[in-house]
Amino acid sequence: MVVELLVVQDVVVLLVVFQVVVQDVVVLWLVLKLVVVVWLVLQEVVVDLVVAHVVVQVVVVELLVLKLVVVDWLVVHDVVVALVVFQEVVYVVVVELLVLNVVVVLRLVVQLVVVALVVFQVVVKVVVVL
């Protein structure tokens, strides 16, 4: 009778551990999906910033042509400087987005390590109980 109760208790513990492992797999899958979504959003933002960069370059070229034809050199020079500053701001935003991407990935890695440690703790408790 006692042995049967211990066997049933072991089976229940193993089922709980299996449930925790399944939940961890589901959490990891959801985290992976979240990482993919964040990565896709960041890629779209980077593409938009690259397009803005190209537009800025086109505007700079058009302003240089306009400078040669009509406008005073100092006015065009000021506009070009402003566009170059805007281009540098775009570069800074791209770098900040890349840093944000790294921070998000590092945070997810830390969360995965914590989940793994919790699973390891449960496994150790199961082994100690057995």
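Any residue that is more than 30 Å from Val13 (Cα to Cα), surrounded by 15 or more Cβ atoms within 10 Å (Cβ to Cβ) and out of contact with any strand residue (DSSP E or B) (no Cβ under 8 Å at 6 or more places or on another chain) - is there at least one of those in the stretch 105-122?
The answer is no, given that none of the residues of the stretch 105-122 is more than 30 Å from Val13 (Cα to Cα), surrounded by 15 or more Cβ atoms within 10 Å (Cβ to Cβ) and out of contact with any strand residue (DSSP E or B) (no Cβ under 8 Å at 6 or more places or on another chain).
Which ones in the stretch 2-29 are more than 24 Å from Gln111 (Cα to Cα), open to solvent by less than 90 Å² (accessible area, probe 1.4 Å) and not hydrophobic (A, V, I, L, M, F, W, C)?
Asp10, the sole residue that qualifies.
Consider only pairs whose beta carbons are under 9 Å apart and that are at least six residues apart or on different chains; among these, list those whose first residue lies in the stretch 85-96 and is hydroxyl-bearing (Ser, Thr, Tyr) and whose second residue is part of a helix (DSSP H, G or I).
Tyr91/Leu49; Tyr91/His53
Assigned to a helix (DSSP H, G or I), under 30 Å from Val22 (Cβ atoms) and open to solvent by less than 90 Å² (accessible area, probe 1.4 Å): does that describe Val93?
No.
If you check Val61, Val84, Val80, Val55, which single one turns out to be surrounded by 15 or more Cβ atoms within 10 Å (Cβ to Cβ), among the hydrophobic types (A, V, I, L, M, F, W, C), over 24 Å from the mean Cα position of the chain (by Cα) and over 30 Å from Val118 (Cβ atoms)?
Of the residues listed, the single one that is surrounded by 15 or more Cβ atoms within 10 Å (Cβ to Cβ), among the hydrophobic types (A, V, I, L, M, F, W, C), over 24 Å from the mean Cα position of the chain (by Cα) and over 30 Å from Val118 (Cβ atoms) is Val80.
The values are calculated or read from the model by the stated rules, or taken from the named source; none is laboratory data. As the structure is a computational prediction, the values presented were derived from the model and not from experiment. We place every Cβ from the backbone using ideal geometry, glycine too, and count neighbours over all the protein chains shown. Surface areas here come from the heavy atoms of the whole protein model, side chains and all, with no ligands, DNA or RNA. Shrake-Rupley method; radii C 1.70, N 1.55, O 1.52, S 1.80 Å.
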